Amino acid sequence: MKKQETLLEGIVVERFVPNKPHKGKVLAAVQAHADDIPLFAAGTIAKFIAEGYIGYLIQTTNDEKCGPTPSIGQTILSNEFEVDELAKVLGLKMVFNLGYRNHRLDEASPTELRARLVFLFRALKVDSVFTFNPWGHGEENPDHYITAQAVEAARWMAGMGKDYPEQVACGITPHTVREQYYWVARRGQPYNRVIDISNYIEEKVASMSTNKSQGPAGSQGSRLRAKLTEQALRLPELGDDDETADRQYIKLFGLKENRELGKRHGLEFAEGFYYVGPGGTFTGCIESTDVESYVAKNAVPL
Ligand SMILES: [Zn+2]
């Protein structure tokens, strides 16, 4: 089996990698809403957990606007339970709910949000982070881009000891997050890494099915099944119970983007990310290896 290959246009296609290459590494998936990770990154996260990562879920908002009941309180609660279920389905170890108001994250203090993320990145020793693209075009939801911008700033600032020095004084060691995976949430957003999720499609479908309160897929299958029953009709693919109907509906209609992306790169199902690796994107760095090799070649005795 090929591990990965680099295509001419610079896009890396990553397939399953055996022997747990990520053992000992930590990932954090930072979403604004209960349905973000399921839609954009669940297959990859399931793959990475299977390949050795320990994972954590961080959610910035309380999802108070997105649910079928008129009660805001019940909406928050049902989404919170579903995010706990999402973490279980993907094998993520813990959920951190930051609890900012849904659709109003742009009113939150940017430095408070950043400080909370810095604390978590340091305390959990996060190596790789998943979130929205902080500068991806077409994004109309402030919760998405505010989350992403806070993650982007916090991931390097977490490595600077003079930022939030009280954390460091209390034993929380500075720690830089070295890898960023920005998922593709809007058509046309860039990606340079295509990850084969064909082996993890059941986990992705199960994660999408946890979003009963919101999301484009969570309980649509059982609703369609009930509607058809009223009309004395049935779709055999939807099975005989609600959960089967929800998951089958997702398989039939909810994976179109993943199927199409996979097809373009010779895979059955894929998720795309804009990946920034160790070293980041800063163009002003001086590489210590460049200095060392120059000294080795050019230094002369006094
Ligand atoms: Zn969202």
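No value in this document is a laboratory result; all are computed from the given coordinates. Model, not experiment: these values are computed from the prediction. No Cβ is skipped: glycine too gets one built from the backbone with ideal geometry, and neighbour counts run over all protein chains shown.
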Give, as a single signed number, the net charge of other residues whose beta carbon lies under 15 Å from the beta carbon of N141, with Lys and Arg counted +1 and Asp and Glu -1. -4
Taking K20 as the anchor, which lysines have their alpha carbon closer than 17 Å to its alpha carbon, excluding any fewer than eight residues away along the same chain? K2, K3, K47
5 angstrom amide H check on D35, placed H, neighbours 5+ away: none
Based on the mean of other beta carbon atoms within 10 Å per residue, what is the order of 159-171, 115-127, most packed first? 115-127, 159-171
If we count every other residue with Cβ under 13 angstrom of L238's Cβ, Lys/Arg +1 and Asp/Glu -1, where does the sum land? 0
Quick check for me: using +1 on Lys/Arg Cβ and -1 on Asp/Glu Cβ, what's the dipole size of the chain about its Cα centre, in debye to the nearest 20? 520
Highest-fluctuation residue, R259, R15, R187 considered, GNM on the chain with Cα pairs under 10 Å: R187
Given 68-76, 218-226, the highest-first ranking by average Cβ count within 10 Å works out to 218-226, 68-76
Does segment 1-137 classify as rounded, prolate or oblate by the C-alpha gyration tensor (a ≥ b ≥ c root eigenvalues; a/c under 1.5 gives rounded; else a/b over b/c gives prolate, otherwise oblate)? prolate
When S293, S78 are ranked with the fewest other C-beta atoms within 10 Å first, the list becomes S293, S78
Based on Cβ point charges of +1 for Lys and Arg and -1 for Asp and Glu, what charge dipole magnitude is obtained for segment 185-300 about its Cα centre, in debye rounded to the nearest 20? 480
Rounded, prolate or oblate: which fits segment 183-256, taking a ≥ b ≥ c as square roots of the Cα gyration tensor eigenvalues, rounded meaning a/c under 1.5, else prolate when a/b beats b/c? prolate
For H137 and Q74, compute 0.36 nm times the residue count separating them, minus their Cα-Cα distance, and round to one decimal in nm. 19.4 nm
So what is the calculated 222 nm ellipticity per residue for the chain, using -39500 (n - 2.57) for each DSSP H run with n of 4 or more, over all residues, to the nearest 500 deg cm²/dmol? -12000 deg cm²/dmol
Quick one: check the C-alpha center-to-center distance for segment 156-231 versus segment 122-139, whole angstrom. 10
Could you tell me which residue out of G279, P165, A217 lies farthest along the dipole of segment 151-302 toward its positive end? Charges go on the beta carbon: Lys and Arg +1, Asp and Glu -1, centred on the Cα centre. A217
Starting from the Cα of R104, step 7 Å along the direction of its Cβ; do the same at V291; then give the gap between the two resulting points in nm. 4.9
Candidates N211, N199, N79, ranked by Gaussian network fluctuation over the chain, Cα under 10 Å, top entry: N199
Using alpha-carbon coordinates, inclination of helix 72-90 to the longest axis of the chain, degrees: 70
Kindly rank 59-66, 87-94 from highest to lowest mean number of other beta carbons found within 10 Å of each residue. 59-66, 87-94
Can you tell me the length gained on complete extension of the stretch M160 to D84, counting 0.36 nm per residue apart and subtracting the Cα distance? 24.2 nm
Between A123 and K256, Cβ-based FRET efficiency (R0 41 Å, step 0.05) works out to 0.60
Separation of alpha-carbon centers, segment 257-300 and segment 41-113, rounded to whole Å: 29
Can you give me the three principal axis dimensions of segment 210-292 from its C-alpha atoms, in Å, biggest first? 76, 30, 15
